[in-house]
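Chemist: The structure's right below; bear with me while I get my questions together.
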Amino acid sequence: MRPPIRELFWEEDDSNVQHLWQSHQVRIEETQDVLFGIDCEDPYLIWESVGQDYAAFGETSGGRLLKILGEFRAGGAFRIFHAMDMNQSERRRYRRRE
């Protein structure tokens, strides 16, 4: 079971924001859709623990299926390391659980 996310933590120098865009063309708004839901609806997420970190699988308002990797910080802040499109097997698994 994952702790609740209260906010997203971004590096002061925006290095993780730049990485998301430069490496995977993922915008901050897309990560917010996945983690907080679209139009105030609860998000449908699949969570997996990866050591002490977490992977979240979910959908953006544009229908993009993303895998988001990150860690929880103090106070319920979630720091995103990576966000990328799900691969084919992850998409199948996500769709089966909907």
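The values are calculated or read from the model by the stated rules, or taken from the named source; none is laboratory data. As the structure is a computational prediction, the values presented were derived from the model and not from experiment. So basically every Cβ, Gly included, is an ideal-geometry build from the backbone, and we count neighbours across all protein chains shown.
Chemist: Do you know which residues across the range 1-54 are at positive phi and under 13 Å from the mean Cα position of the chain (by Cα)?
Modeler: Gly37 - this is the single residue of the range 1-54 that is at positive phi and under 13 Å from the mean Cα position of the chain (by Cα).
Chemist: Still on this structure, please answer the following. Taking the range 62-80 on its own, how many of its residues are within 13 Å of the chain's Cα centre (by Cα), among the small types (Gly, Ala, Ser) and surrounded by fewer than 17 Cβ atoms within 10 Å (Cβ to Cβ)?
Modeler: 1
Chemist: If you don't mind, another one. Looking only at the range 64-98, count how many residues are without any contact (Cβ under 8 Å) to a residue 60 or more places away in the chain and either over 18 Å from Leu20 (Cα atoms) or of a type in the set (Asp, Glu) (or both).
Modeler: Count: 13.
Chemist: What single numbered condition from (1) without any contact (Cβ under 8 Å) to a residue 24 or more places away in the chain; (2) charged (D, E, K, R); (3) outside any loop (DSSP other than H, G, I, E, B) fails to hold for Asp13?
Modeler: Every condition holds for Asp13 apart from (3).
Chemist: Within the range 33-47, track down each residue that is touching a Ser or Thr at 6+ places or on another chain (Cβ under 9 Å) and assigned to a helix (DSSP H, G or I).
Modeler: The answer is Asp33, Val34.
Chemist: Moving to a separate point now. Out of Met84, Met1, which single residue is at pLDDT 95 or above and surrounded by fewer than 17 Cβ atoms within 10 Å (Cβ to Cβ)?
Modeler: Residue meeting the stated conditions: Met84.
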